[in-house]
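Chemist: One structure, as structure tokens, below. Some questions next.
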Amino acid sequence: MASTIEISDARRSAADCEWIRNVYPLYLHDLSEFDDGYYRLNERGLWEPDHLSDWLSLGPHQHALLIRAGGARAGFAFVGQAPFEHMAPGLDFRLCELFVLRALRGRGVGRAAAFAVFDRFRGSWEVEEMRRNEPAVRFWGRDRRVHGRCRAFREEPSTDGFPRQVFRMCYI
């Protein structure tokens, strides 16, 4: 069971931004297992592409969130808000990235963090996973634990053919 989960705007704290900068390469390393070339190390040992500076800027249509579990930094989430250029028209939000430290995975932290993000930004959502990222496909689509509180849930491929979920959260 997840401990108390809190999310906050990481851009309001230099220390939170620094923490995300330091763990972001771990996230890209995790994704590289499921991708044949998009996430790669360059000759200097730096990940490419690196979109972190875009997320940590103060753009009005993107939100960099820090996830805390039991008061300790545990991960991050990046949310695009309409008219964010990398989302389908007619939706309010896109959960672009969700990362939880490996030591905390399988304990409900990711699910609780997802609910906290959805509760913070209410409306219609889309989530997309890499085809070969079976843990993410299972988490978002197949296990039904995350979207059990959703209405108008549908699963369909994205324009790139990746697994994609579109839904509106139910707020009780």
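The values are calculated or read from the model by the stated rules, or taken from the named source; none is laboratory data. Worth saying up front: this structure is predicted, and the values here are computed from it rather than measured. Positions of Cβ are generated from backbone atoms using ideal geometry, with glycine treated the same way; all protein chains shown enter the neighbour counts.
Chemist: Tally up the residues in the range 51-72 that are without any contact (Cβ under 8 Å) to a residue 24 or more places away in the chain and over 17 Å from P83 (Cα atoms), please.
Modeler: 3
Chemist: While we're on this one: Being over 19 Å from L95 (Cα atoms), at pLDDT below 90 and not basic (K, R) is the requirement here; does G37 meet it? Spell out the reasoning first.
Modeler: Numbers: over 19 Å from L95 (Cα atoms): yes; at pLDDT below 90: yes; not basic (K, R): yes.
Here the answer is yes, as G37 does meet what is asked.
Chemist: Restricting to the range 27-63, name every residue that is surrounded by 12 or more Cβ atoms within 10 Å (Cβ to Cβ) and of a type in the set (A, V, I, L, M, F, W, C).
Modeler: L28, L31, F34, L41, W47, L52, W55, L56
Chemist: Do we have any residue at all in the range 17-24 that's more than 27 Å from P163 (Cβ to Cβ) and assigned to a strand (DSSP E or B)?
Modeler: Within the range 17-24, the first condition is being more than 27 Å from P163 (Cβ to Cβ), and the residues that meet it are 17-19, 21-22.
Subsequent filtering for residues that are assigned to a strand (DSSP E or B) retains none.
No, every residue in the range 17-24 fails to be more than 27 Å from P163 (Cβ to Cβ) and assigned to a strand (DSSP E or B).
Chemist: Right, next: Return the pair list, or none, for Cβ contacts closer than 8 Å from residues in the range 15-28 that are over 18 Å from E129 (Cα atoms) to residues that are of a type in the set (G, A, S) and not in a helix (DSSP H, G or I), at least 6 apart or on different chains.
Modeler: Hits for this filter: D16/S8; C17/A64; I20/A64; V23/G75.
Chemist: In addition: What number of residues within the range 10-24 satisfy the criterion of being out of contact with any helix residue (DSSP H, G or I) (no Cβ under 7 Å at 6 or more places or on another chain) and either within 14 Å of G75 (Cβ to Cβ) or aliphatic (A, V, I, L, M) (or both)? Steps first, please.
Modeler: Let us first name the residues in the range 10-24 that are out of contact with any helix residue (DSSP H, G or I) (no Cβ under 7 Å at 6 or more places or on another chain), namely 12-15, 18-19, 22-23.
Narrowing the set further to residues that are either within 14 Å of G75 (Cβ to Cβ) or aliphatic (A, V, I, L, M) (or both) leaves 14-15, 19, 22-23.
The number of residues fulfilling the criteria is 5.
Chemist: On to the next question. Anything in the range 25-51 that is assigned to a helix (DSSP H, G or I) and closer than 15 Å to L98 by Cβ? List them, or say none. Walk me through it before giving the result.
Modeler: Start the filter on the range 25-51 by keeping residues that are assigned to a helix (DSSP H, G or I), which leaves 25-32.
Once the filter is applied, which keeps residues that are assigned to a helix (DSSP H, G or I) and closer than 15 Å to L98 by Cβ, the range 25-51 yields L26, Y27, L28, D30, L31.
Chemist: Which number in (1) farther than 16 Å from A74 by Cβ; (2) at pLDDT 95 or above; (3) not hydroxyl-bearing (S, T, Y) marks the one condition that I7 misses?
Modeler: The single condition I7 does not satisfy is (1).
Chemist: What number of residues within the range 56-80 satisfy the criterion of being over 12 Å from F121 (Cβ atoms), within 10 Å of the chain's Cα centre (by Cα) and not aromatic (F, W, Y)?
Modeler: Number satisfying all stated conditions: 2.
Chemist: Here is a further query. Can Y24 be described as over 16 Å from the mean Cα position of the chain (by Cα) and of a type in the set (F, W, Y)?
Modeler: Numbers: over 16 Å from the mean Cα position of the chain (by Cα): no; of a type in the set (F, W, Y): yes.
Criteria not met by Y24.
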